[in-house]
Every structure is written in structure tokens, then in C-alpha cells.
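The values are calculated or read from the model by the stated rules, or taken from the named source; none is laboratory data. Predicted model only: the values in this text are computed from it and were never measured. As a convention, Cβ positions derive from the backbone with ideal geometry for all residues, glycine included, and neighbour counts pool all protein chains shown.
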Amino acid sequence: MKKKVAKLTLVSALSISSIVAYTATTSPAYAQTSLNELNEEKSNIENKQNDVKSKLNDSSNKLSDIHSEQESVETEIQRLNTSISSTQVKITEKKEQISTTKEEVEKLEKQIKEVTARIEKRNELLKERARSYQQTGGMVNYLDVLMGSQSFSDFIDRVGAVATIVEADQSIIKEQEADKKLLEQSQAELKSKLNSLETMLADLETLKSKLDSEKKEKDTLMAQLNEEENHVHAEMLSLEEEEQLLKDQQVAMEKAIQLEKERQAELARKAAEAEKQRKEAEAKAAAERAAAQKASSSKSSSSNTATSTSSSSGNSSQSESKPSTSVSSGNFTRPAGAGYLSSGLGHRWGTFHAGVDIAATGTVPIYAAADGVVIRSYNSSSYGQVVFISHYIDGQQYTTVYAHMRDGSRLVNSGDAVSKGQRIGTMGNTGDSTGQHLHFELHKGPWNQAKSNAINPVGIVPL
Ligand SMILES: [Zn+2]
């Protein structure tokens, strides 16, 4: 009994439109309203069709802007690449120079050591001579030499020889010291050359890392431009596609409205039927009660026959088909079986992303977000395998778009009535798409090329 009352309250709360719909078949005034409504929608759509060409132009302009930006970034990247490789060549050169300079420095070091050793040896020799000169008390040794002379001329020769020996020793030492000085000088020069080479190398390496990071930035920018280009492509339909879509949308929209009105009428009819049955049951029960009372007053024995009507409660709207278990209870259910929001709705890179991207890997089913009628189900060069659905919910028209589905996965055709949560395909990567994802659009009202009716599904459609 409680259940039945709740249902009736629900039905009456379903808005006035259901009552209106119930009387639709018999009320010419309503039919007129409906016709006006549809005509208005039709002329709206015709106006939008007139806009199509200019909107397509806008998109083309956007694309050519992106293309020229891509070209300039590409030029910049090439310039950076050239700078980087020439810097690299210079770095290699400097490294080679540094290593040969180091070798030279080492070579000089060795020579200096040799000369130093020779000087020391000679000094040692001279010292020894001086020592022996002192030990023998002055010129003794030389005197021995001199005294041993056979003649005066021999004496002269011997004096000369002694002097020459002494002089020769001294000049050799002088020469060697000059050599050593020269070597030390060139070593100092080489060391300062080495220092400046190392400074240059450090500068070059700083330059290169700057160029590298600049190039990295440009590469990132290029990747973003490419992504943007894909999205502009993804949002552009050819003129023929556009025209066909608008035409089919008109038909699907009318059918969706009709189906919703029929559904509401059916609900109202069932409610009326239930009400009629309830009244009949009540009347019957009242009659039975009266009869029972009459019987009990006359017989006053058994009183078990009364009050047995409440058991046969509502089976009227029980047959409403409930789709699969994961379907949300609101007006909309989630369109993708799995995935995360990889890109939201909004302006980016000078273009408008009119939908949301839901990315996932593997086989991910795509569902109709609400009851509706398929506008078009086809393969678009931009949207890839795509389904457009028209919905009519609480007197408001909505349009949903499901793009980039897997080849051969579409399960519905243009004109099909679909129910909320019904599988319509599989997530894919067709059309202008980089990586498997669902591009999902929600429009409050009909779809148009400018996507002026696109709204953010976040918070409305479970994602
Ligand atoms: Zn997208």
C-alpha cells in the first residue's frame, strides 16, 4: 500500500508536461504548440547552416595560424640544432687543444728536470774541484801541472789549458742556466694558454647547455602545437558532413521528442490505469465489507472474510526496463567504461576544446549517456568512428558526441532509439587522435559547428 502511494506521488511529480502529454492525442492546441516548437527549432537549424561556411573558414584560419607557428618553431629548432652542433665541434676542438697543450707542458717539465739535473751535476763537479784545490792548499794541483812543464812554451800551454778548463766549466753552466730559464718561460706561457683554453671550454659548455635547454623548450612547444593541430582537426567537420549532420539532427530530434512524449503518455496512462484499478478495488472492498457486515449482523459467527485487498499491489510500472547494473540513477550515466579525464573543456592554445577527453587502455566500452535517438553513426576523417545522439530530458534537448571509437566497434545506426547505458561502441584512436581516448561532448540544445551550445559535462554527466 505504501509503495503504491509513493509511485503515484512520483508520477504526479513528473511535471506538468506528462499531463499535457497524456492529453496530447486529443488536444489540437497542444499539437499546434508542438508544431510551432518544431518549426522554430527548424529555422534555428537553418540559420546555423548558414553560419557553417564562415565557421569552417574560422577553423581553417586557426589551422593556418598553427601551421605558420609550427613553421617558425621548426626554423628556430633547426637554427638551434646548427648552433648546438657547431658548439659541439668547438668543444671537441678545445678539448684536443687542451690535451696537446698539457702534453707540451709535460714535455717541458721533463726537459727542465733534465737541465736542472745536468746543472746540479756540473755544480757538484765544480765544488769537488774547489774542495780539492782547498785541500791541497791553493794552486798545488795546478802547480804540479805547471811545474811538470818541460819548457817555457810548454808552461804557457799548460797555463792556457788550466784557464780553458775553468772557463769552459763556467760557460757551460751559464748556457745551461739560460736554457733552463727559457724552458721555464715557455712552460709558464703554456700554462697560461692552458688556463685560457679551459676558460673557453667552460664558456662553450655553458653555451651548449643553454642551447640544449632552449631546444628542449622549442621541442615542447612543437609537441603542444602538434597536439593543438590535432584538436582543431578533430573539431572540424567537412561541409558535407556538417550539412548531413544538421539534416539528420532535425529528424533525430523530432523522434527523440516524440519518443519522450510517448513515454510520458505511457506513464500517465499507466498511472490512470492504476488509479482506476485502485478505485475499483476500493469499491469492491467497500461492497464486500458491506456484504460481510450484513452477513455478520445476520449470522454473527465467522468474521474472516473481510480486509484482504491490499496484497495485490502495483505491478503496473514494474516492467520498466532497467539497463545494466553500473548505470547511474540520474539523467545521465558515464559514457566510458573506464578511464581518467586527460583533458578538460576550455580554451587552450587559442582554440576551444569543446569536450572532454577520457583516456584508458585496453578494451573500454562506450555507452549512451542518456535515453535518446542516434543522429549519425559514421566514420569521420576528423572525429574518426563517431556517434551523435539527440536527447530530450525534462523538456530540454541535449546532444552528445562520442568520438575516436575503435574501427568496426559502432553498435548503433542513424535513427536508432538508444537507452541510457546502452553500449554503442568501444574506445579507440581513430580520426585525428593521438592515443586511445574518448572525446565526449555535451551540448545543451542542438549541435552546431561553432559548438556554441557545448557545456562542461563535469558535474552533469558522471565521468
Ligand atoms: Zn578532445
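Can Lys255 be described as closer than 30 Å to Asn47 by Cα and at pLDDT 90 or above?
Values: closer than 30 Å to Asn47 by Cα: yes; at pLDDT 90 or above: yes.
Yes; evaluated as a whole, the condition is true for this residue.
Is it the case, given these coordinates, that His347 is assigned to a strand (DSSP E or B) and away from the ligand (no atom under 16 Å from the Cβ)?
Against the criterion (assigned to a strand (DSSP E or B) and away from the ligand (no atom under 16 Å from the Cβ)), His347 does not qualify.
Suppose we filter Val364, Val387, Val412 for residues that are within 16 Å of the ligand (Cβ to nearest atom), at negative phi, out of contact with any Lys or Arg (no Cβ under 7 Å at 6 or more places or on another chain) and of a type outside the set (Gly, Ala, Ser); which single one remains?
Details: Val387 fails: out of contact with any Lys or Arg (no Cβ under 7 Å at 6 or more places or on another chain); Val412 fails: within 16 Å of the ligand (Cβ to nearest atom).
None of the other options fit; the residue is Val364.
Considering each residue of region 415-463, count those that are in contact (Cβ under 8 Å) with a residue 60 or more places away in the chain and within 14 Å of the ligand (Cβ to nearest atom), and give that number.
Selection size over region 415-463: 19.
Checking Ser382 against (1) over 21 Å from Ala360 (Cβ atoms); (2) surrounded by 20 or more Cβ atoms within 10 Å (Cβ to Cβ); (3) touching a strand residue (DSSP E or B) at 6+ places or on another chain (Cβ under 8 Å); (4) not hydrophobic (A, V, I, L, M, F, W, C), only one condition comes out false. Which one?
Tallying (1) over 21 Å from Ala360 (Cβ atoms); (2) surrounded by 20 or more Cβ atoms within 10 Å (Cβ to Cβ); (3) touching a strand residue (DSSP E or B) at 6+ places or on another chain (Cβ under 8 Å); (4) not hydrophobic (A, V, I, L, M, F, W, C), Ser382 fails exactly one: (3).
Return the only residue of Ala161, Ala234 being within 16 Å of the ligand (Cβ to nearest atom) and at pLDDT below 90. Steps first, please.
Working: Ala161 fails: within 16 Å of the ligand (Cβ to nearest atom).
The unique qualifying residue is Ala234.
Could we say that Thr426 is out of contact with any helix residue (DSSP H, G or I) (no Cβ under 8 Å at 6 or more places or on another chain), surrounded by 17 or more Cβ atoms within 10 Å (Cβ to Cβ), over 20 Å from Arg334 (Cβ atoms) and of a type in the set (Val, Ile, Thr) here? It would help to see each step written out before you state the result.
Details: out of contact with any helix residue (DSSP H, G or I) (no Cβ under 8 Å at 6 or more places or on another chain): yes; surrounded by 17 or more Cβ atoms within 10 Å (Cβ to Cβ): yes; over 20 Å from Arg334 (Cβ atoms): no; of a type in the set (Val, Ile, Thr): yes.
So Thr426 does not fit the description; no.
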